Each structure stands twice: as structure tokens, then as C-alpha cells.
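Q: Sharing a structure with you now.
The values are calculated or read from the model by the stated rules, or taken from the named source; none is laboratory data. These numbers were taken from a predicted model, which means no experiment stands behind them. Because the Cβ atoms are built from the backbone with ideal geometry, glycine has one as well, and the counts that use them run over all protein chains shown. Keep in mind that these areas ignore ligands, DNA and RNA; they rest on the heavy atoms of the full protein, side chains included. Shrake-Rupley method; radii C 1.70, N 1.55, O 1.52, S 1.80 Å.
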Amino acid sequence: QIWGNLISSLVLQQGANVSSAADVSSCGAANCPGGSGGNLVIPPRSLRVTLISIYLACGILAVLLMTLFADKKPEKGIFSSLKTSMPCGARDQPTSDDESGKNEDERSTDCSHLCERFLAAWKFMFREKRMMLLIPLIMYGTMEQALNVAIFTQAFVSCTLGIHWIGWVMICFGVCNALSALLAGRLRKWIPRQVLFMTAAVLNLALMIEMLAVKPNPSLTALFFVHAGLWGVADGIWQTQINSLYGVLFPGEQELAFSMDGMWGAIGYTISFAYGG
């Protein structure tokens, strides 16, 4: 939320071409999904290539650091799959019959285990009515994130201020999100979870009304940061409290609950991004 957005803003502002006379009447709630207008200008190809290259380098560096410093014991962690992840040619040419049989058994066991876990997750959802009742809440938790990431950044920030401002605004969101998650976990000791959920819901509702009512304008730059910060506060509450529910409602079955959370959350993201263009 911080370093990635900082990199994007520093790179994209090199080609910023913002006009104070730009017509921003089509920004905000009046913005058409997938459309353009105002100061929303696609950056030059060279800047896009530079930005993607930086992110790619960061990804490669992360993999190298994980490979060098992560737990390398074959029984634990990501390296547990190394004994079975052989090149295709090596699989076709086993060194001995025993090794070949052992590798086949391991691959068969991994596949069957994966299928068992997949079926167990679905059985868990249909068995636990409380899990099914949480599905709308899970989907809302990701849909409100998508609204902020996709609609707010395009229709409000990019259209009004320029695409290079997205990173700065989202840094504010990320900082407030992290602080909110930390604070919500501590406040939960004294404040009922229902009150925290209601606080997040009221914040989201108020910010949605503000998005509909306020006409974006470059002179209201501070408002975008306030909006993103408050949305980060609400999102921090949603994510921490929804996740904590699994430990309370499904003790010993959190893994199954989190797998359902991931699936329905992804569906919520898909719906929001598809609808938002």
C-alpha cells in the first residue's frame, strides 16, 4: 500500500500533463465506466514500461530473498514441494524403479489431498449455516475495497487531479488502513464487535453519499485524502473483524472458513470490477 504506490506516483508524475482548464464536469459520480475526461490521460508507453519493469524487478527480488532466506527444511514450508517438483524430462527418466514409484505415490497423494480439501470446504459451507450467512458480509468486504480501488481512483482522483495522484492518495488509504486494523483489534477488548461493524458501515455510507453529492474539483485536493483515509479506517475494521469471526464461530475449522472467505471474496472483487468497467 505504501511502497508500490510511492513508486507509481514518482514514475507517473514524470509524464504528468495536467491542465487547470480541463473540464472536470464528467468526473465523480457523472463519470462513465471505462470512459475518459478531465485530467485522465493515459501515460506514455515509455513510462508504463518503466513502471512495469520496476514492479517486475521487485517481484524477482522478492523471490530471490525468499529462496535464500526462507526455511529450507524439506519437511516444512515452500521447500516441501521441491522433492516432487522435478523437470518434465526427469520425471520421464527415473533413476530407479523405487524412486519412480515413490514419486508417483507422492504426486497421487498430493492430488487426492487437494481434492479432499476442496470437497471438505464445500461440505463445510453447506453444513455450517452460519458460514452461508456470512457470505454477503464477505462479498461486501471485498466489494467496498474494489469500489475504492477501481471507481474512486479512476472517476475521482485520476479524472480530477491526474493519474499520478493515485499513488499519493492510496498511500493515505494504506496508512489509515493499517492503523485502523491495529486499533480495532485493541478496541475489541472493550467494544462489542457489533459496534465496530456499525461504525464501519456508517463510515462507508457517509462516504458513498459524499461521492454522490460532491462535485470533484482540483481545489478540493485535500478532500480526496480525507476520503481515502476514512475509507481505510472502515476497511481496516471490516477486514480484521470479519477474519476474527472465523476463530470465534468455527474453532478448529478456520482453514475451511478462510478458504470459503477467499473464494467468495474473489467473486465480490470480480463483480465489482466487471460492473465498474
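Q: Identify the single condition in (1) at pLDDT below 60; (2) open to solvent by 90 Å² or more (accessible area, probe 1.4 Å); (3) not in a loop (DSSP other than H, G, I, E, B) that Arg130 does not satisfy, given that it satisfies every other one.
A: (1)
Q: Considering only the stretch 18-77, state which residues are open to solvent by 80 Å² or more (accessible area, probe 1.4 Å), at pLDDT below 75 and either touching a strand residue (DSSP E or B) at 6+ places or on another chain (Cβ under 6 Å) or farther than 28 Å from Thr153 by Cα (or both).
A: Lys72, Lys73, Glu75, Lys76
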